[in-house]
């Protein structure tokens, strides 16, 4: 395929501006041709920010447009399924933000629809593309850490305790931190170590979020702002996850704090979001030492992006769109796909079930 992949963005908010539009600019065969958002003022602003494109407030017009090949969905969680299904039915390739659906059943339905229509599908699990995460996967696959035994993840943010808008309404968001942040860590843990088979988990809410940023009263939050789980992997390893948006002092210029560690029979390695171009590695009897990630793991081999330019904790996110467009051009599956999104959703759902039922849950991710 040599022609341009004509892309539409549905949802013109901060995520698209921060991740997806720059990613389009780095792929020589990607072209942004249309933008959809219900906010007409924002649409007008994006014409200035992103350049002139078709614009509409109706996603069905995007689905029906024969001059659009693929869509990127960056809208509120409860809209993912109807938008994706409409675009898939029209034969368009789809990348969708996480969580893929409001629950596993929705996510699995989206996966089956994409598979039956033979379109490329991708879940926007950003952190798989961090250079140190790519390198950590290489270390595991080559046996450098021995047999993996243990995974540990912490993701802390220091966010304001004011309203999250739709994100704090359960029927619109599904859950809070669990679906917004911890689900990323569930995904890359399964990518590194294989399927999670059992979990026990808990969620909690500490911030009422009953006022807006400008001090106006609003309905209080219905979702979690802290989540945690213990899990067992199919390969025998165990894992511990914790995430929260309320960890004071972990702002770090908006990046927050993240630590993901693999402990194996021969050694341990750590990914950190604040330093994604380096990795900590330690062997038996020694101490963790920082190593620079080898150049071949800093970006996709054929990408035009210069990994020395920009903020390291930001620029790897552009590789999401690079993978999506490359999969379309090369007529192969995009990674991570909707199947990966659904599998992570199954684990997150089980965390909520575990907390409600106060017991371990077996994961059922059959699609």
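The values are calculated or read from the model by the stated rules, or taken from the named source; none is laboratory data. Being a predicted model, the structure only gives us computed values, none of them experimental. Cβ placement follows ideal geometry from the backbone for every residue including glycine, while neighbour counts extend to all protein chains displayed.
Here are some notes:
- Residues of region 59-74 that are over 20 Å from residue 322 (Cα atoms) and in contact (Cβ under 8 Å) with a residue 12 or more places away in the chain: 59, 60, 61, 62, 63, 64, 65, 67.
- When 178, 136 are checked against the criterion of being surrounded by 23 or more Cβ atoms within 10 Å (Cβ to Cβ) and more than 22 Å from residue 348 (Cα to Cα), a single residue qualifies: 136.
- Restricting the search to helices (runs of 4 or more DSSP H) fully inside region 67-184 and requiring at least 3 residues that are assigned by TED's automatic domain parsing to the domain that holds residue 308 gives 131-141, 170-173.
- Beta carbons closer than 8 Å, at least 6 apart along the sequence or on distinct chains, pair a first residue in region 205-223 that is exposed (fewer than 10 other Cβ atoms within 10 Å of the Cβ) with a second that is in a loop (DSSP other than H, G, I, E, B) for 213/160; 213/162; 213/163; 217/210.
- In the set (1) surrounded by fewer than 20 Cβ atoms within 10 Å (Cβ to Cβ); (2) closer than 18 Å to residue 137 by Cβ; (3) under 16 Å from the mean Cα position of the chain (by Cα), the condition left unmet by residue 314 is number (2).
- All positions within region 250-272 that are under 21 Å from residue 224 (Cβ atoms) and either out of contact with any strand residue (DSSP E or B) (no Cβ under 9 Å at 6 or more places or on another chain) or not in a strand (DSSP E or B) (or both): 250, 251, 256
- Residues of region 225-236 satisfying the condition of being on the phi > 0 side of the Ramachandran plot and part of a strand (DSSP E or B): none
- Flag if residue 202 is surrounded by fewer than 22 Cβ atoms within 10 Å (Cβ to Cβ) and under 15 Å from residue 244 (Cβ atoms): yes
- Test for residue 239: is it at positive phi, in contact with a strand residue (DSSP E or B) (Cβ under 7 Å, 6 or more places away or on another chain) and either part of a strand (DSSP E or B) or at pLDDT 95 or above (or both): no
- Residue in region 89-96 that is surrounded by fewer than 23 Cβ atoms within 10 Å (Cβ to Cβ) and closer than 28 Å to residue 269 by Cα present: no
- For region 279-299, residues that are surrounded by fewer than 17 Cβ atoms within 10 Å (Cβ to Cβ) and either out of contact with any helix residue (DSSP H, G or I) (no Cβ under 8 Å at 6 or more places or on another chain) or closer than 19 Å to residue 126 by Cβ (or both) total 13.
- Cβ separations smaller than 9 Å between residues 6+ apart or across chains give the following pairs from region 325-340 residues that are outside any helix (DSSP H, G or I) to residues that are at pLDDT below 95: 331/1.
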